[in-house]
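A quick write-up on the structure given underneath.
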Amino acid sequence: MTHDHDLVLRPTAAQTEAALDPPPGRNGGDLVVETLTGLGATTVFGLPGQHALGMFDALRRSDLAYIGLRVENNAGFAADAYGRITGEAAPLLLSTGPGALTSLAALQEAAAASAPVLAISSQIPSAGLGGGRHGYLHELPDQQASFRGVVKSVHTVRTQSQIPSAIAEAWESALTAPHGPVWVEIPQDVLLAETSLPVVTAADAAPHDLPPRPELTAVAAHLLSTAARPAIIAGGGVVRSDASGKLRQLAERLNAPVVTTFGGKGAFPWNHPLSLQSWLEDRHTTDFLEDADVLLVVGSGLGELSSNYYTFKPRGRVVQIEADLGKLESNHPALGIHADARLALSALLETVPVREDAEAADRVRAVLDLVRERIDAQELTLEQRVLAAVREALPDRSASFWDMTILAYWAWSAFDARRPNTMHSAQGAGGLGYAFPAAIGGAVADPTHPVLAVSGDGGALYSIAELATARQHNLDVTWLIVDDGGYGILREYMTDAFGQATATELSRPDYVALAESFGVPGVRTTPDTLADDLAKSLATPGPSVVVLPALLRMFAPTHLD
């Protein structure tokens, strides 16, 4: 009698012959690129280095497309964006020591945003491993230790036979909810040595599902069904699990108002009668959410930004659906459901009945009116005009990537993303320099629509080198640089806190002339001409730069009151 678990797939005669007689001239790097191809990868990002040359040499013998950036951290941001847009694990090839370490800030952002990035780094030769001080170029006593606190998982390779399994295991880890960056390291000599191992033709690395426990969703469904004032906070987990449609169905069935976090932009229609939009940094919204007798939090850990800087104190029952176990009930006691957002929302939709509430939409309008009155009282018409011009110029299907800059801080609260998975920023970890290299990754992920990057002049200086990348690959990326002469948001913070700013003013280049020196067309614009200039640049194939000299201000915070 044969059992299913005893079944073995037997190779064909052709497969056996190919395995016994692999093509000559292959090395450990070929095993890397063959495994990536077998897993379904089509594009890799990175930067070559001496110890990693085995991988890069193997690229020319593969069908993988290579996008080489000029700084490892920028390559990490590009891979992060590619992973966010496609939902695939984005391979990032790096060299040992300084090259690897330079990617850390990008990997921290990928971890905070749950972006699937598969970082593969070289290591010093095997003879130098073990923590001794051998004096190899790029040597670290323990390279893995620098990444363990940043990435989701670490995978080590010490022989060529370990390469396919280690990469497949890392791929599976990156794509199992919650998504995240993973780290693989392979010694230089293992990558360079000729291999007689068979060509890697396929790899099995299917991510695991994360379904909810049915007894928990039954309790959640009861709480929501019997609530008098239910409300929903939708986070980035809704977008990542492609659960926006399920969210809308549930909200409409419950007549529950919905606010999206900054990472969850686009998860719920902006102008829907039940939409509180994204005004989380506003006390009117915070008060409304605190008044909910049952608050459903989907795909968010209710961290600093999503809780109005921890001033949010819910008075009702909280139901939290979260794929990241570490975020479950980390800030508020809740009925915690450890699950993928889509699977959990699907389970709730099976049992939650229609709930009538004719006043829900009126309450939403009342909150938005209060928010609008507060903003209008601050005489911030320039900022609202500029943000409206960006929205007018940007096609609905185009992705946008925002740096840590004042206009982005406005966009978190006030920008209508219109579609899920189209607005991305570095608000997860909060590092500078994200927007333009991320937009490069976004343009590679979806070349059918132009992509927008938004930076301040300070953040732009982190990424200038990538103008060469955008030009080399002729990517449809338009870069809006808001030039206010320094680190504008830090200038504002310091002035408010200390009465004056220190170390925030910057000498900067002529960004238009600098772009043109890379062969990238540039234009200097004004708030009045921004919409037209930006639309024209987005409609013109290839990279472009639009520079807006403007001193923007933030709206007053409410968490300090």
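The values are calculated or read from the model by the stated rules, or taken from the named source; none is laboratory data. Note that the coordinates shown come from a computational prediction; the quantities given were computed from them, not determined experimentally. Cβ: placed from backbone, ideal geometry, glycine included. Neighbour counts: every protein chain shown. Protein only, heavy atoms only, side chains kept; ligands, DNA and RNA dropped before computing areas. Shrake-Rupley method; radii C 1.70, N 1.55, O 1.52, S 1.80 Å.
For the reader, a short list of remarks on this structure follows.
- Within the chain, DSSP assigns beta bridges of which about 5% are antiparallel (rounded to the nearest 5).
- Long-range HN-HN contacts of Val117 with modeled amide H, under 5 Å: Ala90, Gly180, Val182
- The angle between the Cα long axis of helix 435-445 and the longest principal axis of the Cα atoms of the chain comes to about 60 degrees, rounded to the nearest 10.
- Karplus-derived 3J(HN,Hα), 6.51/-1.76/1.60, for each residue of region 402-411, Hz, glycine and proline x: 10, 7, 7, 8, 4, 5, 5, 5, 5, 4
- Counting only DSSP beta bridges with both residues in region 23-131, the antiparallel share comes to about 0 percent.
- Remark: the Cα gyration tensor places region 79-133 in the prolate category, a/c being 1.5 or greater and a/b exceeding b/c.
- Relative intensity of region 458-561 on a log10 scale, I(q)/I(0) at q = 0.11, 0.17 Å⁻¹, equals -0.42, -0.83, per a Debye sum over C-alpha point scatterers of equal strength in the absence of solvent.
- Volume per residue that the Cα convex hull of the chain spans, once the total is divided by residue count, Å³: 176 Å³
- Relative contact order (%) - region 319-473, alpha-carbon pairs under 8 angstrom, separation at least six: 18 percent
- Accessible surface of region 417-458, 1.4 Å probe, proportion on carbon and sulfur as whole %: 46 percent
- For region 319-328, putting each phi into the Karplus relation 6.51 cos²θ - 1.76 cosθ + 1.60 with θ = phi - 60° gives couplings of 10, 10, 9, 8, 7, 8, 4, x, 8, 5 Hz, in residue order, rounded to whole numbers and with x for Gly and Pro.
- Three-way shape label, region 231-286, alpha-carbon gyration tensor, a/c 1.5: oblate
- Residues whose amide H falls under 5 Å from that of Thr43, counting only those 5 or more places apart or on a different chain, are Ala65, with hydrogens built in the peptide plane.
- For region 468-561, averaging the sequence separation of C-alpha pairs within contact (under 8 Å, six or more residues apart) and dividing by the residue count gives a relative contact order of 41 percent.
- Average accessible surface area per residue within the chain, 1.4 Å rolling probe, Å²: 41 Å²
- Lys, Arg +1 and Asp, Glu -1 on Cβ, resulting dipole of the chain about Cα centre, debye, nearest 20: 160 debye
- Ligands, DNA and RNA left out, the accessible area of region 78-129 computed with a 1.4 Å probe is 57% carbon and sulfur.
- Ordering 292-302, 154-164 by mean Cβ neighbour count within 10 Å, with the highest value first, yields 292-302, 154-164.
- Shown is the FRET efficiency for Thr381 and Asp242, computed with R0 = 35 Å from the Cβ-Cβ distance and rounded to the nearest 0.05: 0.40.
- A simple charge model with +1 on the Cβ of Lys and Arg, -1 on the Cβ of Asp and Glu and nothing else charged puts the dipole of region 402-561 at about 260 debye relative to its Cα centre.
- Percent RCO, i.e. relative contact order, over the chain, from Cα pairs under 8 Å lying at least 6 residues apart: 13 percent
- Protection proxy ranking, peptides 462-473, 198-209, 167-178, 526-537, average beta carbon neighbours within 10 Å, highest first: 167-178, 462-473, 526-537, 198-209
- Residue-by-residue Karplus 3J(HN,Hα) for region 225-230, coefficients 6.51, -1.76, 1.60, Hz, glycine and proline x: 5, 9, 6, 8, 9, x
- Remark: the Cα gyration tensor places region 210-334 in the rounded category, a/c being less than 1.5.
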